[in-house]
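The values are calculated or read from the model by the stated rules, or taken from the named source; none is laboratory data. Remember, predicted model here, so these are calculated numbers, not experimental data. A quick note on method: Cβ atoms are made from the backbone with ideal geometry, for glycine too, and the neighbour counts reach across all protein chains shown. These accessible areas exclude ligands, DNA and RNA; they are computed on the full protein's heavy atoms, side chains included. Shrake-Rupley method; radii C 1.70, N 1.55, O 1.52, S 1.80 Å.
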Amino acid sequence: MTSMLTRAVGAPLPRLEGPAKVSGAARYAAEYPQDRMAYGWIVQSPVARGRLDAVLTDPAEEDVLVVLWHGNAPHLEQTDDPELAVFQSDRIGYRGQPVALVVATSLEAARRAAQVIHLDIAAEEHDVELRADHPDRYTPESVVPDVPAVSGTGDAETALASAAVTVDVTYVTPPLHNNPMEPHATIARWDGQDLILYDSNQHPSGIAETLGTVFGLPAERVHVVTEHVGGGFGSKGSARPNAVLAALGSWVTGRPVQMALPRQAMFSMVGHRAPTVQHIRIGASQDGVLTAIDHQTHTQSSRLFEFVESASVVTRDVYPVPHLRTGHQVVRLDMPTPRWMRAPGEAPGMIALECAMDELAERLGADPLDLRLRNAPRHERVLRAGAERFGWSGRDPRPRRRRSGEWWTGTGMALATYPATAMPSTARVRALADDEYEVAIAATDLGTGARTILAQIAADELDVPVGRIHIRIGDSTLPRASVAGGSSGSASWGWAVTGACRELRSRGGREAVFDTTELVREQKEGQHACGAHFAEVRVSAVTGEIRVSRLFGMYDAGRILNPRTARAQFLGGMIMGMGMALHEESVLDPAQGTWVNHDLAEYHIPTHADVEWIDAAWLDEPETGLNPMGSKGIGEIGIVGSPAAILNAVHHATGVRIRDLPARLDKLL
Amino acid sequence: MKTFEYRTAAGLAAGLEPGAVFLAGGTNLVDLMKLGVATPDVLVDVNRLPLHEVSGLPDGGIRIGSAVRNSDLAADHRVRTAYPVLSQALLAGASGQLRNMATTGGNLLQRTRCRYFMDATMPCNKHRPGSGCPARDGDHRNLAILGGSPACVATHPSDMAVALAAVDAVVQVDGPAGQRSIPVTGLYRLPEDTPERDTVLEHGELITAVDLPALPVAARSTYRKARDRASYAFAAGSVAAALRVADGLVADVRLAFGAVAPKPWRAYVAEEALRGQPATEERFRAAADAELAAARPLRDNAYKIALIRNLTAAVLTALAEDVR
Amino acid sequence: MRLTVNGAQHHLVGLDPRTTLLDALREHLHLTGAKKGCDHGQCGACTVLLDGRRVNSCLILAITQQDAEVTTVEGLGRRGEPHPVQQGFLDHDGFQCGYCTPGQICSAIGMLDEAGKGWPSAVTEDDDLLSDREIRERMSGNLCRCGAYPAMVPAIRQAAGR
Ligand SMILES: Cc1cc2nc3c(=O)[nH]c(=O)nc-3n(C[C@H](O)[C@H](O)[C@H](O)COP(=O)(O)OP(=O)(O)OC[C@H]3O[C@@H](n4cnc5c(N)ncnc54)[C@H](O)[C@@H]3O)c2cc1C
Ligand code: SF4
Ligand code: FES
Ligand code: FES
């Protein structure tokens, strides 16, 4: 069907929107000029728990059109996300919760009015600290992404008790914030009973449905435009309050309203990765064969919503052991609601699992690579290929042995894994004049390369050069697409596009529409992309500062649709993994009931200078029986295991095991 | 941000009405105004004043106009050769863009990065006197181990000021009450009971210049900063040092610590302990400890003691080896 | 109020004195190339050139810049030809979501000029002011959450003619 001549899939095609992005022409949500635009600024709760009794505004603040709060806000319909029920109750669920909205004719006026507003609040004692022994903890029914909280095979307890060698350790990961560079933003405008939203999100179809529910409208009356998105990493996967606030403000004032969240508000209103306390025990025979694993995660959610970071789930899939027990407990605190953040569950879970494996290797006197080879058959090929390219062999396993000047050096490794899935989507293909085609699907491109990859897929299916394909995405009026999340975008949308193209070719005519719902239901379950991460670090004996000299990822993620954009996804994930290992932490002040480092000067993400030598490679082999492209998702696997590889290297360099993240200089002095 | 009246400064000693402040690069002031922490009624822009020159002083020192940008100063040839510590400190701070805006005067007078201070919704004695200091029991990992008080344990965040303190720089001030000279080491106040006041400057006093005295030892000087990521981060601890060794003995030494106190901390005790002593790593370490004996760390910032000790030893050892 | 941007003079009537250069560009002149990532000098997304020097436009009040020449990403390149730094970013895939990109590009242009003038950086050891290590340190005032850093370094190297 596909002639080799026009084969676009697999080629390193540059991003279609590249010229628009480097020239400043690419438009993000807050960048659509409107007549008589008004600006929203949120007022956030200064207490973590309590009741808001009144809101008093300073009449001297000019240019204010309206101040909305629960005392005067219109009624909104409920959705499954209580965070969207803004101003519907006097209860305060966490510090930073939006409790009022100022709409003014200028940004400056809106911000000032919000700063001087007086809130009459009856504060109550709050509870914001996660502890593994918190009296209110409970075992939830399910954890993200809707899998059982508890699992068990065999008898882990007995097997651990009788294992020749065991490790029994607790790893603590801090709360983390997604912090895409583009803050969550919406411009809302009502056109009669139709709602138009320019919104930064990962799922235009879903946002339209949700906002429709909130305002009691059918989804087709909500038009969501999401041409370009400045990153999301999970935090834009569903409608966030900014969309509701903009629409509300616009409804009340009769003007278009821009609601761009200040960076500081992104630390409370749009989700985060919940902190975890992970107790992990691994048992092995003397010759390094795993016999049992027990992985128990303690985490937190908000009063409003149960979202459970599923850190123990990944342990169900990596090492086939006869005796396995995993579980989760959660406690609901007066804190913001956690949400998806790149590889929710897998990313923190693999830190505990793969650091504990390193500890086991040390205890066994085994090479960490050999230990993995013995116990993770699925990873054998990436392990061997990765170790070869990184230059692992001949490594002296003893910690704190290598020093060059003031720098201790060391290497570490860890496995990576991520489930391969697809979700139902619909695509439409139209034949235009001159052998050109329009491909339409309500997908989004957050920088993943989706736009480009879909064009490549369509070009091959239609047997035309990529230049003949016109991609339309980022608009909820296009055929319904699944969320850009769970590393499932390309698989889900590509499948629909493939189907539509094939349909058009086989049936003829000018247009074909293809819905994958049925096919996806029958997809092969339990498939994973796998990988291995290798790191080399140096640690200053003077300052304790850690530098990652080399970071390498080797992946098996099925067929790589575009090596150029794939590389960017892998490296981007690994760099975020570096941040997770070394820099990122939202610091809780229990007395104030909030994270106090809520900006980009104090919440550190890696800079240019932090990224030295970094590379990724892959075994490029289509996986049969998954989706027609033979691809697996690649957006998240880079952050799974890379932090553990770095932490293991830090131990190899210094002999210090850091079990509470991030690894910073104070822990190494 | 509160509304304000904007005007350009009329002259050097013009003074300021109550509620008015000087605007230089704005990288700290505009930031704090947006946050609602600074709420001036009038902004008096000093950027048009003739304060943009770096010039020689009769004694061989250097005069730095207060509006000289951090990036220009760091690149200045005289500074790079006669006071490398200053160039290095400037380059270790902020980012290329910020250094292009930030001025010498503004850098000295930038305010603490204490996370409570920078959040107007938080209690903080520095931004709302009498409201308390949540940092003591809360987040203080990057706050003071030296010079703090029960009312405030903020650190002064400037890198530049640490280098200036080490080389005996003098701030030239002009105001309604006339001109005066203040050594950088005497510019800052410790918080005691009134942490809202950072410096000894009176309202309306304008920094016109910073003078660097002729100081031969400064030609062998260096600045080293440790931080939580490789760049674009405030110091976790830093050391500015200048050293002259003769016959294996410390002939002259200047030492200042950053990110440990409400001001750049000139380490007089350590300097005294070193003068005339063998220039060995062991002595350097011991001298740092002598200075740090006064440290009163809180729950989460004791690491700064080890950090400063190690940095001092490393920096002085490197300088001593350089000489040999 | 007067503002000269990309060679064109604009008169902004009744502009609130609190308006930052960034908001003046984005909300009043609809030049949305400069991005707002943090609004507090902490990310570099708003980087523009002010009289040729790179600065964070979010911390500058527009009213203070009536005599300056502002260059934004929209003003780069000539007659449809991208600027060499823009071309470098295209050739090396120096971006993902693209939100930090205009700031990175303006910053790189300012940075290359600084290196050309012989300005040192925190990692300068010798005369090579544009080694990869130098480029990384000099560009560190521009955060990229997508982690496109490894592709930006060769992009900038290429624009520097190396
Ligand atoms: C994200 C970020 C990171 C940073 N990182 C660092 C870092 O790592 N190291 C570091 O040292 N600094 C750092 N800085 C701080 C930066 O160096 C300061 O903001 C800057 O030096 C202030 O100078 P300015 O000219 O912009 O001052 P302005 O903001 O204009 O003024 C600051 C204060 O000084 C007063 N003032 C200014 N000029 C005079 C004068 N001539 N006479 C009297 N009063 C005057 C003003 O009224 C104001 O109170 C960082 C800043 C930011 C935003
Ligand atoms: S340390 Fe000082 S600046 Fe920080 S909260 Fe306490 S009083 Fe405020
Ligand atoms: S928006 Fe100006 S530095 Fe972030
Ligand atoms: S490309 Fe997305 S933040 Fe840099």
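Assorted remarks:
- In region A:258-277, the residues that are modelled with pLDDT of 95 or more reach residues that are open to solvent by less than 10 Å² (accessible area, probe 1.4 Å) and within 16 Å of ligand 2 (Cβ to nearest atom) with C-beta atoms within less than 9 angstrom, at least six apart or across chains, in these pairs: A:Phe267/A:Trp595; A:Phe267/A:Asn597; A:Ser268/A:Trp595; A:His272/A:Trp595.
- Given (1) free of Cβ contacts under 8 Å to residues at least 40 places away in the same chain; (2) in a strand (DSSP E or B), index of the condition A:Ile280 fails: (1)
- Just one residue in the set B:Glu272, B:Glu281, B:Glu202 is more than 25 Å from B:Asn142 (Cβ to Cβ), surrounded by fewer than 24 Cβ atoms within 10 Å (Cβ to Cβ) and free of Cβ contacts under 8 Å to residues at least 24 places away in the same chain; that residue is B:Glu272.
- Tally, over region A:534-557, of residues that are more than 28 Å from A:Ala458 (Cβ to Cβ), out of contact with any Leu (no Cβ under 7 Å at 6 or more places or on another chain) and not hydroxyl-bearing (Ser, Thr, Tyr): 12
- Residues in region A:432-447 that are away from every other protein chain (no Cβ under 14 Å) and not charged (D, E, K, R): A:Leu432, A:Ala433, A:Tyr437, A:Val439, A:Ala440, A:Ile441, A:Ala442, A:Ala443.
- Of the set (1) within 14 Å of chain C (Cβ to nearest Cβ); (2) in a helix (DSSP H, G or I), all apply to A:Glu83 but (1).
- Any hit, region B:109-120, residues being in a helix (DSSP H, G or I) and away from ligand 4 (no atom under 16 Å from the Cβ): yes
- Checked across region A:223-234, the condition of being at positive phi, modelled with pLDDT of 95 or more, away from ligand 3 (no atom under 16 Å from the Cβ) and open to solvent by less than 20 Å² (accessible area, probe 1.4 Å) holds for at least one residue.
- Residue among B:Ala313, B:Ala240, B:Ala259, B:Ala218 that is touching a Lys or Arg at 6+ places or on another chain (Cβ under 6 Å) and open to solvent by less than 20 Å² (accessible area, probe 1.4 Å): B:Ala313
- Residue within region A:111-125 that is of a type outside the set (A, V, I, L, M), in contact (Cβ under 8 Å) with a residue 12 or more places away in the chain and within 12 Å of another protein chain (Cβ to nearest Cβ) present: yes
- Selected residue (criterion: surrounded by the fewest Cβ atoms within 10 Å (Cβ to Cβ)) from residues of region A:60-78 that are over 12 Å from A:Leu245 (Cα atoms) and touching a Leu at 6+ places or on another chain (Cβ under 9 Å): A:Gln78
- Pairs where the first residue, in region A:324-337, is in a strand (DSSP E or B) and the second is of a type in the set (Phe, Trp, Tyr), C-beta under 8 Å, 6+ apart: A:Gln329/A:Tyr138; A:Val330/A:Tyr138; A:Val331/A:Tyr138
- Selection from region A:624-657 of residues that are charged (D, E, K, R) and under 24 Å from the mean Cα position of the chain (by Cα): A:Lys632, A:Glu636
- Scan of region A:570-608 for residues that are over 19 Å from C:Gly41 (Cβ atoms), of a type outside the set (Gly, Ala, Ser) and at the interface with chain C (Cβ under 8 Å from one of its Cβ atoms), ordered by number: A:Leu571, A:Met574, A:Ile575, A:Met576
- One residue stands out in region C:22-47 among those that are part of a helix (DSSP H, G or I) and open to solvent by 10 Å² or more (accessible area, probe 1.4 Å): the one that is farthest from the other protein chains (Cβ to nearest Cβ), namely C:His28.
- Single residue of C:Leu76, C:Leu59, C:Leu50 found to be surrounded by fewer than 24 Cβ atoms within 10 Å (Cβ to Cβ), under 25 Å from C:Gln9 (Cβ atoms) and within 16 Å of ligand 3 (Cβ to nearest atom): C:Leu50
- Taken as a whole, region B:292-306 holds no residue that is surrounded by 24 or more Cβ atoms within 10 Å (Cβ to Cβ) and either of a type in the set (A, V, I, L, M, F, W, C) or over 30 Å from B:Leu98 (Cα atoms) (or both).
- Of all residues making up region C:129-143, the number that are in contact with a helix residue (DSSP H, G or I) (Cβ under 7 Å, 6 or more places away or on another chain) and either assigned to a loop (DSSP other than H, G, I, E, B) or within 16 Å of ligand 2 (Cβ to nearest atom) (or both): 6
- Test: B:Pro134 is open to solvent by 10 Å² or more (accessible area, probe 1.4 Å), more than 18 Å from the chain's Cα centre (by Cα) and within 16 Å of ligand 2 (Cβ to nearest atom): yes
- Qualifying positions in region B:112-153 - within 20 Å of B:Ala89 (Cα to Cα), touching a Pro at 6+ places or on another chain (Cβ under 8 Å) and away from ligand 3 (no atom under 16 Å from the Cβ): B:Thr112, B:Ala144
- Residue match in region A:558-578 (condition: in a strand (DSSP E or B), within 25 Å of A:Pro344 (Cα to Cα) and open to solvent by 10 Å² or more (accessible area, probe 1.4 Å)): no
- Unmet criterion (only one of (1) touching a residue at least 12 places away in the same chain (Cβ under 8 Å); (2) among the polar types (S, T, N, Q); (3) not assigned by TED's automatic domain parsing to the domain that holds C:Ala155) for C:Ser107: (3)
Residues are listed down the side, and each one gets a yes or a no for (1) of a type in the set (D, E, K, R); (2) facing another protein chain (nearest Cβ under 10 Å); (3) under 21 Å from the mean Cα position of the chain (by Cα):
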site: B:Gly36; (1), (2), (3): no, yes, no
site: B:Pro50; (1), (2), (3): no, no, no
site: B:Asn70; (1), (2), (3): no, no, yes
site: B:Leu91; (1), (2), (3): no, yes, yes
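- Unique match (being small (Gly, Ala, Ser), within 18 Å of B:Val239 (Cα to Cα) and away from ligand 3 (no atom under 16 Å from the Cβ)) among B:Ala165, B:Ala177: B:Ala165
- The set of residues in region C:60-111 that are assigned to a helix (DSSP H, G or I), at the interface with chain A (Cβ under 9 Å from one of its Cβ atoms) and β-branched (Val, Ile, Thr) comprises C:Val73, C:Val85, C:Thr101, C:Ile105.
- Filter result for A:Ala440 (touching a Leu at 6+ places or on another chain (Cβ under 6 Å) and not assigned by TED's automatic domain parsing to the domain that holds A:Gly577): yes
- Matching residues, region A:207-222, being in a helix (DSSP H, G or I) and either hydroxyl-bearing (Ser, Thr, Tyr) or open to solvent by less than 10 Å² (accessible area, probe 1.4 Å) (or both): A:Ile207, A:Ala208, A:Thr210, A:Leu211, A:Gly212, A:Thr213, A:Val214
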